[in-house]
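Here is the structure we will look at.
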Amino acid sequence: GVIAGASEVESGLAGVVVVEELLDAPWRGRGLAAAVQRAFVEQLPPDALIIGTIDAANTPSWRTARRVGRVIAGRWWFLGGRP
């Protein structure tokens, strides 16, 4: 698996943005994503703010986020249509 983050300011909050987290198919569904996120967080300063967005339809990522202790701090709605 791979997890990548970057120091950024997102919506006025300075923190570490989770850019991507990938697990190869044979490793999915085993609870490893939560372990990867915990290991990632342990490498950061104790007061670091972790920022990331999860698509509303991405149920596995929502479950992982809850297992790691992440909470909803904001929501975005993207409206379709023509400009």
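General remarks:
- Verdict on Glu42 being over 11 Å from the mean Cα position of the chain (by Cα), surrounded by 11 or more Cβ atoms within 10 Å (Cβ to Cβ) and of a type in the set (D, E, K, R): no
- Per the conditions (1) over 17 Å from Gly1 (Cα atoms); (2) of a type in the set (A, V, I, L, M); (3) at pLDDT below 90, the sole criterion not satisfied by Leu23 is (1).
- Glu21 being open to solvent by 80 Å² or more (accessible area, probe 1.4 Å) and among the acidic types (Asp, Glu): no
- Looking across the stretch 45-61, the residues that are open to solvent by less than 40 Å² (accessible area, probe 1.4 Å) and either in contact with a helix residue (DSSP H, G or I) (Cβ under 6 Å, 6 or more places away or on another chain) or in a loop (DSSP other than H, G, I, E, B) (or both) come down to Ala48, Gly52.
- Per-region count, the stretch 1-21, residues among the aliphatic types (A, V, I, L, M) and over 11 Å from the mean Cα position of the chain (by Cα): 5
- Test: residue in the stretch 62-71 that is open to solvent by 60 Å² or more (accessible area, probe 1.4 Å), part of a loop (DSSP other than H, G, I, E, B) and modelled with pLDDT under 90: yes
- Of the criteria (1) surrounded by fewer than 14 Cβ atoms within 10 Å (Cβ to Cβ); (2) over 25 Å from Val9 (Cβ atoms), which one Ala35 fails: (1)
- Failed condition for Pro26, given (1) assigned to a loop (DSSP other than H, G, I, E, B); (2) surrounded by fewer than 10 Cβ atoms within 10 Å (Cβ to Cβ): (1)
The values are calculated or read from the model by the stated rules, or taken from the named source; none is laboratory data. None of the values given here were measured: they were computed from a predicted structure. Counting neighbours? That spans all protein chains shown, and the Cβs are built from the backbone with ideal geometry, glycine included. These area figures cover heavy atoms from the full protein model, side chains too; ligands, DNA and RNA do not enter into them. Shrake-Rupley method; radii C 1.70, N 1.55, O 1.52, S 1.80 Å.
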